1. Can you find a residue that is part of a helix (DSSP H, G or I) and loosely packed, with under 15 Cβ neighbours inside 10 Å anywhere in the range 553-574?
2. Would you mention how many residues in the range 406-438 are assigned to a loop (DSSP other than H, G, I, E, B), touching a helix residue (DSSP H, G or I) at 6+ places or on another chain (Cβ under 9 Å) and in contact (Cβ under 8 Å) with a residue 60 or more places away in the chain?
3. Kindly establish whether Val446 is under 23 Å from the mean Cα position of the chain (by Cα), among the hydrophobic types (A, V, I, L, M, F, W, C) and within 30 Å of Leu356 (Cα to Cα).
4. Return the pair list, or none, for Cβ contacts closer than 7 Å from residues in the range 452-470 that are farther than 20 Å from Gly553 by Cβ to residues that are β-branched (Val, Ile, Thr) and assigned to a loop (DSSP other than H, G, I, E, B), at least 6 apart or on different chains.
5. Looking at Val341, Val386, Val336, which is the one that is within 30 Å of Thr88 (Cβ to Cβ), in contact with a helix residue (DSSP H, G or I) (Cβ under 8 Å, 6 or more places away or on another chain) and β-branched (Val, Ile, Thr)?
6. Among the residues of the range 588-599, are any surrounded by 21 or more Cβ atoms within 10 Å (Cβ to Cβ), more than 26 Å from the chain's Cα centre (by Cα) and small (Gly, Ala, Ser)?
7. Considering only the range 611-637, state which residues are over 19 Å from Ser542 (Cβ atoms) and in contact (Cβ under 8 Å) with a residue 60 or more places away in the chain.
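Each reported figure results from applying straightforward, stated rules to the coordinates on display, with no laboratory input. The structure presented is a predicted model; accordingly, all values stated were derived computationally and were not measured. Here Cβ is always computed from backbone atoms with ideal geometry, including for glycine, and neighbour counts include all displayed protein chains.
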Amino acid sequence: MKNTEMSRVVDGWDSQVRIQDDLYRAVNGSWMDTTPIPDDESRIGAFMDLRNVAEEHIRDILTSPEGGETADFAKARRLYDSWMDVETLEALGTTPLDSDVADVRGATSKEELATIIGRLSTQGVGTFFGYGVDSSFDDPNLNVFFMGQAGISLPDEAYYRDPTFAPILEAFKEHVPGMWQLATGDSEEKSGEVATTIIGLETAIASSHMSVVDSRNVDLLNNPMSFNEFVEKAPGFEWAKCLVAAGYKPEELGTITVFAPDALAGAAQLWETTSLDDLKTYTLWRIIRARATFLTPEIDAKNFDFYGKILMGAQEQRDRWKRGVQLVNGTLGEAVGKVYVEQHFPPAAKEQMDVLVADLLEAYRQSITALDWMGEETKKRALEKVDSFVPKIGYPEKWRDYSTVNTGANLVDNMRSISEYEASRERAKLGKPVDRTEWFMNPQTVNAYYNPQWNEIVFPAAILQFPFFVEGRDAALNYGGIGAVIGHEIGHGFDDQGSKYDAQGAVSNWWTEQDREEFEKRTSNLVEQFNQYVPAQFGDNSEFHVNGELTLGENIGDLGGLSIAVKAYKIHLERNGLTPENTPNIDGFTALQRIFLSFARIWRGKERNEFLQQQIATDPHSPGEFRCNGIVKNIDTFSEAFNLKQGDALYLPPETRVKIW
């Protein structure tokens, strides 16, 4: 009789494909061949399946009969209701923008416009720079003010200059005038002129931006300076007036961190040389961009035509209720997350996760101790870091207080209030000790993260389900699923960037020069491997290949995560008096084989070409097929478990396999 949980893992099995040639397709191939991507999605797969389930749970919570709910939950319900009330949105038209538009149009000087921009930035309307409050790179217990690049409407600066993205830029040039005309009522001719101004300014802003690869590099991001020093480096914009309008007094900022000094200096210079009328036009466009989704269905659909269809490849909008749930999750997420946890997260799951995390950490300890390429002093510091990891599982101990948020019938007003709440919450942190109980994902989020400045690994409740985790199933499947994810997040503490933070979360070089060189030699080999990968759906000669530098941190996380998950599984077996050899086969698969099958199953997915092209250009994660195949080919245990030989597509000679942790 077949094992039910094992059958679920291999339910997409492709018997025409050998595991030794393509583990990913062997496990998922028949599912890939027979499962279409729905018209309202740009991708499907394990993560999306769980997201869909979580969304249904949140909808049930939001639409349940009223009574006995908290004040914060009532606000989330009103936000959802205002989103679903299309009749009111139709009736309001663009009037929710009127006061902001009037302020911008009425500005008589750049100084006045800078003040308006500062206020708008607290209400959800971005400009050419971003800002906030977060842990200092140098003292992670202290909250500091930071500034970074922003202000473009396309995913990355490369879209404005790289011929690869020329078709998208052309589509954007058609989108802007149409959207402007719809939102403002201006003539087609006027809207075309305005669009030329907007795209010209965005292209100029993008020309100073850091590349997506450089934006990962903490050495380039960590630029502490006084506010006055920053203003001297970026003259031309009324920084002080803008920030005062956003609620910050420059004299109280202390040492600030500037992520992209050249980008902000370039934008400030552009501000100085651009006419007031053109800057007002750009600011009005930022208002339209920020609010488009919250206006009439016609404007919302126009926005989707570019951002959903052209950029992501989706054929139609998702059901409105799904997008409403997404909105609530992204804004008042903990108000509903608290109820979600009560209904859908069993305490026993947390207990099993505690054991898994402990095993993964112990496996990292053993692995680091045994490394032959790292010296004793660096090992000592690495082990200190392992011992300092803080796991957070399921949900926060302390829930957010949304008492200053006001929600009612007007959706745009609701979004203003929520943005003002977030801006106020950020301001209140400045200069204060860091509150490490805070979470940066909701419990209903299907994901996990590592925060290098707090040296914490965080696993929201919603990811702790099949195919990642099932309470009580064969341990090999859990270690190959959520175990590899846990190992991945711990691995970020030792990836190309995370390894620059010490056990306390401060940016600090704790490596000897020789050990760092050896580490970078190994990681450069991983970069070379991944640079060669082209998604199967594009064909071998496609220009859309994986960027090994951009994805390096995630690839190190995946490689370390799976390698260490295998070790952790052996620790689990030893605790129970077993070895991989005397653990029973299930459905013809050995214990170690089952780990890799489970690993392949969690990366199951299909993407539209448009989505995949954007992912390759901007996302530090490799496509799923390479997160699977590109990783296992470097792991000795995989080669041994499936008896790989020279000539097998996934076979790498032992001397060319990348081994880091």
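1. Yes, there is a match, as at least one residue in the range 553-574 is part of a helix (DSSP H, G or I) and loosely packed, with under 15 Cβ neighbours inside 10 Å.
2. Matching residues across the range 406-438 total 7.
3. So Val446 passes the test.
4. Close Cβ pairs satisfying both conditions: Pro460/Thr445; Ala462/Thr445; Ala462/Val446.
5. Answer to the check: Val336.
6. yes
7. Once the filter is applied, which keeps residues that are over 19 Å from Ser542 (Cβ atoms) and in contact (Cβ under 8 Å) with a residue 60 or more places away in the chain, the range 611-637 yields Pro620, Cys628, Ile631, Val632, Asn634, Ile635, Thr637.
Here's the yes/no breakdown for (1) assigned to a helix (DSSP H, G or I); (2) farther than 30 Å from His492 by Cα; (3) in contact with a helix residue (DSSP H, G or I) (Cβ under 9 Å, 6 or more places away or on another chain):
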| site | (1), (2), (3) |
| --- | --- |
| Ala158 | yes, no, yes |
| Glu170 | yes, yes, no |
| Pro177 | yes, yes, yes |
| Ser191 | yes, yes, yes |
| Ala195 | yes, yes, yes |
| Glu202 | yes, yes, yes |
| Ile205 | yes, yes, yes |
| Met210 | no, no, yes |
| Glu232 | yes, yes, no |
